[in-house]
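Heads up, the thing below is written out as structure tokens.
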Protein chains: 2
Amino acid sequence: MLDKETYEKVRKKSLELFEKAGIALREDEKENIEIVDGGLGNVEELGLEIVTYVNTDRYCAKEMVLLPNQTCPEHKHPPHDGDIGKEETFRCRYGKVFLFVEGEKNTWHVQPPNEYFTASHEIILNSAEQYTIPPNTLHWFKAGEEGAVISEFSSHSDDATDIFTDPNFKRV
Amino acid sequence: MLDKETYEKVRKKSLELFEKAGIALREDEKENIEIVDGGLGNVEELGLEIVTYVNTDRYCAKEMVLLPNQTCPEHKHPPHDGDIGKEETFRCRYGKVFLFVEGEKNTWHVQPPNEYFTASHEIILNSAEQYTIPPNTLHWFKAGEEGAVISEFSSHSDDATDIFTDPNFKRV
Ligand SMILES: [Zn+2]
Ligand SMILES: [Zn+2]
């Protein structure tokens, strides 16, 4: 659980990035930004900030922020309850994203912050570039030095079934 | 079918609105904006401009432009091929949208351009406001004087099965 001071600090940095990206948010959205740290204790290095626009039975859309050099922990979206697993399209709106998915290891331009990262195929997304991640595929992603704003378009989102590589990660 | 001159004119106006909205597009997206006029012959009054980001079996995401006072013709997305019909969330990114859906008639702030409009419940969407349209529900929408940019998040999109109220409308 984030303490209030850290939450406010990260929330304000997220709003600055949304503003740089030209993303219009309502006051209620600005007040309630979801900050995911998984209890790992260093959210500005390892975490993700999210505004969920819609999540129906069929589709989901979110706006995500990565602070400068922040990394979203590795995870996958497995099949569950008759669903084949969440399929996700990331579209970079602002900044630079280093996205890693399962596949052939290639030349990396950033390093992960600890040992709980295994997906080793790097895809670089600049502003207006996008990539679709198949269901049940490990992935993690890290922003460049300016941070990044990413739209996520996907099938229904069910955070509770996500599988994280780091055994210390806890969905609150 | 739009003549080349009209296509270019509307494409450039669309790009200006995408720029005002702060939407980053790639060159290939800018070159290939889809302009829907349905053969109605007056696209700047009756039509819609679209960039489709992704359309998988499960979900779809598009960026749409309405020019100043432009109206998207009334239509619905019926059940087909085992699908219950497309469900759509409109999120206004820039400008003002007057969205009409089936339901109780209320006070209108704009008028449709001809008689082929029946959905009479008006919903106003300003920047950062959004609305989800259920499947198989008639809807049409018109921009205010500044034009509008709208993100559409939805289930799979299959234009060929859309039903338009205006019998003159033809998907090319
Ligand atoms: Zn994911
Ligand atoms: Zn529609």
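Sequence-ordered 3J(HN,Hα) estimates for the stretch A:4-16 from the Karplus curve with 6.51, -1.76 and 1.60 and θ = phi - 60° stand at 4, 5, 5, 3, 5, 5, 6, 4, 5, 5, 5, 4, 4 Hz, glycine and proline given as x. Label zone of residue A:115 (point 7 Å out along Cα→Cβ, amide N under 12 Å): in the stretch A:43-64 this covers no residue at all. A simple rule links phi to the HN-Hα coupling: the Karplus curve 6.51 cos²θ - 1.76 cosθ + 1.60 with θ = phi - 60°, which for the stretch A:104-121 gives 4, 5, 10, 6, 9, 10, 9, 10, x, x, 7, 7, 8, 9, 10, 5, 10, 9 Hz, with x for Gly and Pro. Excluding residues fewer than 8 places away in the same chain, name every one of the lysines whose C-alpha is closer than 26 Å to that of residue A:76. Cα-Cα hits under 26 Å: A:62, A:86, A:96, A:105, A:142, A:170, B:62.
The spacing between the stretch A:8-69 and the stretch B:76-136, judged by their C-alpha centroids, is 28 Å.
In this rough spin-label picture, where each label sits 7 Å from Cα along the Cβ direction, the residue B:168-residue A:136 distance is 5.2 nm.
If r is the Cβ-Cβ distance from residue A:105 to residue A:31 and R0 is 35 Å, what FRET efficiency results, to the nearest 0.05?
Details: r = 42 Å, r/R0 = 1.20.
Given R0 = 35 Å and the Cβ-Cβ separation, E is 0.25.
Direction-averaged shadow area of the convex hull around the Cα atoms of the stretch B:9-55, nm²? All intermediate terms of the calculation are to be shown ahead of the outcome.
Details: hull surface 15.0 nm².
Convex hull of Cα atoms, orientation-averaged projection: 3.8 nm².
With Cα atoms as the point set, the stretch A:24-101 shows a radius of gyration and Dmax of 13.9, 38 Å.
Reported to two decimal places, what Rg/Rh ratio describes the protein assembly as shown when computed on Cα atoms with Rh from the Kirkwood expression? Please list the in-between numbers first.
Details: Rg = 20.9 Å, Rh = 21.1 Å.
When Rh is taken as the Kirkwood radius, the ratio is 0.99.
Here is the P(r) of the stretch B:70-144: all C-alpha pair distances, binned every 10 Å from 0, give 20, 51, 25, 4 in whole percents. Computed from backbone phi with θ = phi - 60° and the Karplus coefficients 6.51, -1.76 and 1.60, the 3J(HN,Hα) list for the stretch A:140-157 is 8, 8, 9, 7, x, 5, 8, x, 7, 10, 10, 8, 10, 10, 7, 6, 3, 9 Hz; x is used for glycine and proline. As a length-normalised measure over Cα pairs under 8 Å and 6 or more apart, the relative contact order of chain A settles at 30 percent. Summarised as an ellipsoid, the stretch A:22-172 has semi-axes of 20, 19, 16 Å, derived from the eigenvalues of the Cα gyration tensor scaled by 5 and square-rooted, with the largest first.
Quick note: the coordinates plus some simple rules give every number you see, no bench work behind them. Remember, it's a predicted structure, so these values are computed and weren't measured experimentally. Neighbour counts are summed over all protein chains in view; Cβ atoms, including those assigned to glycine, are modelled from backbone coordinates with ideal geometry.
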